[in-house]
Amino acid sequence: MSKIKILDKTFRTFIPKEEIQQRVKAVAEKLNKDMDGKNPLLLAVLNGSFIFAADLMRNITIPCEISFVKLASYQGTTSTGKIKEVIGLNEDLTDRTVVIVEDIIDTGSTMKQMIESLGTRNPKSVHICSLLVKPGKLQVPLNIEYAAMEIPNDFIVGYGLDYDQQGRQLEDIYVLDE
């Protein structure tokens, strides 16, 4: 188990890249089966989901499209609880099957707000796909159909997730080592 230092904090390996790739492939296979014939629009939430979204797309074998939206709710290691849409969505969602691709769902507040916002654009259906879910922190009921992994309430970094914008490039996922 390796340790790394990012800014003022030390992290240790939590989920190795091989396990991440196995889980991403399993989620993609489920999407391939469930979304066959639907040409879904994958809506990746930046910045955190960009690596997950890229790996997911490489494993999807059905026709699909991808777009990106940027939301911000984190500062340092804690959620601010305030969500602001930074980059909006330009695609017409009318009668589209939309799959939101998120890096991590903890309280669920961001996802709830995003689903409400998308609902005003008349999609046929909206589905949630997340690399990581923290069920112990979830505060709103969500139907997370495509979750690669459930994790405890620890702060993590790597594979797109950051600590003050650092560490996104790490292939493994690391947990805060206190």
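Numerical summary
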quantity	calculated
Subset of the stretch 9-43 that is farther than 23 Å from residue 91 by Cβ and assigned to a strand (DSSP E or B) - its residue that is nearest to the chain's Cα centre (by Cα)	15
Hits in the stretch 52-64 - residues which are out of contact with any strand residue (DSSP E or B) (no Cβ under 8 Å at 6 or more places or on another chain) and either open to solvent by 40 Å² or more (accessible area, probe 1.4 Å) or assigned to a helix (DSSP H, G or I) (or both)	54, 55, 58, 59, 61, 63
Subset of the stretch 165-177 (residues that are assigned to a loop (DSSP other than H, G, I, E, B) and either among the hydroxyl-bearing types (Ser, Thr, Tyr) or under 15 Å from the mean Cα position of the chain (by Cα) (or both))	168
Matching option when the condition is closer than 27 Å to residue 25 by Cα and modelled with pLDDT of 90 or more, among 142, 89	142
Residue in the stretch 146-164 that is over 27 Å from residue 7 (Cβ atoms), open to solvent by less than 70 Å² (accessible area, probe 1.4 Å), touching a Gly at 6+ places or on another chain (Cβ under 7 Å) and not in a strand (DSSP E or B) present	no
Every residue from the stretch 87-140 that is hydroxyl-bearing (Ser, Thr, Tyr) and surrounded by 15 or more Cβ atoms within 10 Å (Cβ to Cβ)	97, 107, 109, 110, 117, 130
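The values are calculated or read from the model by the stated rules, or taken from the named source; none is laboratory data. Because the structure is a prediction, the values reported are computed rather than measured. Here the Cβ is made from the backbone with ideal geometry for all residues, glycine too, and neighbour counts use every protein chain on show. Protein only, heavy atoms only, side chains kept; ligands, DNA and RNA dropped before computing areas. Shrake-Rupley method; radii C 1.70, N 1.55, O 1.52, S 1.80 Å.
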